[in-house]
């Protein structure tokens, strides 16, 4: 059981590292204004409203890759029940992203496709390297 908990934790950490790397890449492609105050909700709203669709799609791609990596790492490190552990990993990543969406006002279409993406993509990441004989 300890190993499975650790697998989920490390899977989440790996996913978060992908998000951080992806954010750095996104900010290098679509840099925010130099004087932007991320603590000012009005400034953040203006930034998000002014982002091109390509920037939003890049964020979605980044979150999708992070979910995939989270599921892959969780499954690789799990000792049993990889399906359940991938769902737990995906649910925790989704929860973190929903909390992020309360802070940063993303467009509703991005919120909707993101919410629908997390669990299946995390599961797909796990299924890619899952043992072929194990069942729940």
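We did not get these values from a lab; they are worked out from the coordinates using the rules stated. All values reported here derive from a predicted model rather than from experimental measurement. So basically every Cβ, Gly included, is an ideal-geometry build from the backbone, and we count neighbours across all protein chains shown.
Which order, highest average first, do 115-127, 63-75, 35-47, 15-27 follow once you tally other Cβ atoms within 10 Å for each residue and take the mean per peptide?
63-75, 115-127, 15-27, 35-47
For the pair residue 113 and residue 20, how long in nm is the line joining their label points, each one 7 Å along Cα→Cβ?
Result for the modelled spin labels: 2.7 nm.
For segment 35-63 and segment 71-116, write down the distance between their C-alpha centroids in whole Å.
One Cα centre to the other: 20 Å.
Sequence gap at least 6, Cα distance under 8 Å: using those rules, report the relative contact order of segment 2-129 to the nearest whole percent.
37 percent
Taking 7 Å along the Cα-to-C-beta vector as the label spot, tell me the residue 132-residue 79 distance in nanometres, rounded to one decimal.
Those two pseudo-labels are separated by 2.6 nm.
At 0.36 nm per residue, minus the direct Cα-Cα distance, what do residue 38 and residue 61 gain on full extension? Give it in nm, one decimal, please.
Length difference between fully extended and current span is 6.0 nm.
To the nearest 500 deg cm²/dmol, what mean residue ellipticity at 222 nm is calculated for the chain from DSSP H runs of n ≥ 4 alone, each contributing -39,500 (n - 2.57), summed and divided by the residues? All intermediate terms of the calculation are to be shown ahead of the outcome.
Numbers: 5 runs with 107 residues, N = 136.
Value at 222 nm, helices only: -27500 deg cm²/dmol.
How high is the FRET efficiency from residue 46 to residue 99, r the C-beta distance, R0 25 Å, rounded to 0.05?
0.70
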